[in-house]
Each structure stands twice: as structure tokens, then as C-alpha cells.
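Here the structure comes first, spelled out in C-alpha cells, and everything after it is commentary.
The values are calculated or read from the model by the stated rules, or taken from the named source; none is laboratory data. A quick note: this is a predicted structure, and the numbers were derived from the prediction, not measured. Heads up, the Cβs are rebuilt from the backbone with ideal geometry, glycines too, and the neighbour counts pull from every protein chain shown. Accessible surface is based on the protein model in full, side chains and every heavy atom, while ligands, DNA and RNA are left aside. Shrake-Rupley method; radii C 1.70, N 1.55, O 1.52, S 1.80 Å.
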Amino acid sequence: MIELSPIVIIVFVLIFAASIIKIVPEYERGVVFRLGRLQEFRGPGVTYVIPGVEKMMRIDMRTITMDVPPQDVITRDNVSVKVNAVVYFRVVDPNRAIVQIENYLFATSQLSQTTLRSICGQQELDDLLSERDKINSRLQEILDVQTDPWGIKVSLVEIKHIDLPQEMQRAIAKQAEAERERRAKVINAEGEFQAAQRLADASAIIEQHPIALQLRYLQTLAEIATENNSTTIFPVPIDLLAPFLGGKKTT
């Protein structure tokens, strides 16, 4: 009969204990199968697995950041663009994430790509550029509903970049420049209108008070005298020239 030394026995006991006792971190859960049957997930902390009878798979419960590669999209107004996004999600039910889907990371990535192409393809280019918040909310809602049977919660979807063709970029730049020119012309016209309206108001006041015209005349002479000019201009009221232009003489 073979006698085992205490050291060998201790080593075997430690190896057996290491195969049974498992430590699950706070951010993980252990999905356990006992003879092929799904059990309640375990963790966090110290747990056990019966060798040869049970099998445990670890699932990360932290939020996962997944980059959606650029997708070729044709918008509703037939403009070809490339759109990429980022998806934030996490596993809320470890058992369903293992049993209901073969690879939940790959499945979520593929679903995100197809949903991104579908939603962006339903939008016009102007809406795609100006209403990102609405499109992000729509993407998050669709992905959250479709991944819920897998035990996954999609918390946020953000479109990162929209790559336009060079021809479309030049067309948009021309459109923006034309819009700025239109606004400048409108503002200039409004300024001219307001100035004309103020002049009309001033002429009405001067008509009611003729002495105001004489005061304005003297003020103009004072302004000209303060400047270092070689030529001095004296404004002459039109009423003084009226007799010489065929007007009626006043008595």
C-alpha cells in the first residue's frame, strides 16, 4: 500500500479546493449549468462549483461601449453618406444573455449597424444633420426593445460623425453663403426703411416748427467750422433760391 506524505495530501486538497471555490468580482456574475440545466446565477463574492457536475460562465455586468463602424446610407432624398455611431449597453440578466443568444456582443453590434442604416435611410439630409437628438432617441428606443429578450439594456446611442461627399459639402457651403447674403440684404433694407421713416418723422416736425430748420442750419455750420478743411461749404435753403427759379415773389 502506497503511503502519501502530508505535503502531497495538502497539495491535492488545495488543488481540489481551488477547483471548487470560485471568487466572483463585484462587476461580474457567474452563470451556472448543473448537468446541462441552468441554475440561478451566482456572485458577487465567494461561491462554489462542483467539478464534473457544474460549469460556470462569467458575465461582465459593467456598461459596454461599442463602436458602430461607418455605414453607407442613402437618405430619403437620395444622398449617399457615411454614418458611424457609438452604443452604450449593459447586461441586466446574465442567464438570458447566455441562454437566449449565442454571442450577445456580436448580435448587438450587428443589430446596431442594421438599425443605424434603416433609421438614417428614412431621414432627409437636412433632418439627419439638424435633428440628431431625435434620431439618437429613436435608435436607442428600437435597440432597447429588440435586445430586451437577451437581457440587455441599451442606455444611450449617439451618432458620432456624418461623412458627406465633397460635391455635397460644396453645395451646402454655397447654400449657407447664399443664406447669409440674403440675411445681409434684408437687414440692410430694414435699416434703409427705418432711416427713411425717421427722416419722414423729422421733416414732419420741422414743418410744424420752421425755426428748427434754421437751428439745424447753424449747427451744420458749427460742425463744418470745427474741421480743418480748405473748402468751406455754406448750405443755402432752397426757399432763398425760389424767386430765381421762376417761383412766385413774396411781398
Open item on the list: So, L156, is that one hydrophobic (A, V, I, L, M, F, W, C), in contact with a strand residue (DSSP E or B) (Cβ under 9 Å, 6 or more places away or on another chain), open to solvent by 70 Å² or more (accessible area, probe 1.4 Å) and within 30 Å of V91 (Cα to Cα) or not?
Closed with: yes
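Does A196 satisfy the criteria of being more than 36 Å from the chain's Cα centre (by Cα) and open to solvent by less than 90 Å² (accessible area, probe 1.4 Å)? Let's see the steps before the verdict.
On the way: more than 36 Å from the chain's Cα centre (by Cα): yes; open to solvent by less than 90 Å² (accessible area, probe 1.4 Å): yes.
Yes; evaluated as a whole, the condition is true for this residue.
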Open item on the list: Within the stretch 52-94, take every residue that is open to solvent by 20 Å² or more (accessible area, probe 1.4 Å) and under 19 Å from the mean Cα position of the chain (by Cα) and give me the one that is farthest from L156 (Cα to Cα).
Closed with: K82
TODO: Residue by residue through the stretch 17-35, note down the ones that are of a type in the set (G, A, S) and either modelled with pLDDT of 90 or more or open to solvent by 60 Å² or more (accessible area, probe 1.4 Å) (or both).
DONE: A18, G30
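What residue, of V73, V32, V46, is under 30 Å from D163 (Cβ atoms) and part of a strand (DSSP E or B)?
V73
If I filter the stretch 139-164 down to residues being touching a residue at least 60 places away in the same chain (Cβ under 8 Å) and more than 22 Å from the chain's Cα centre (by Cα), which single residue comes out as nearest to R117 (Cα to Cα)?
Step by step, filter the stretch 139-164, then rank; the result is I152.
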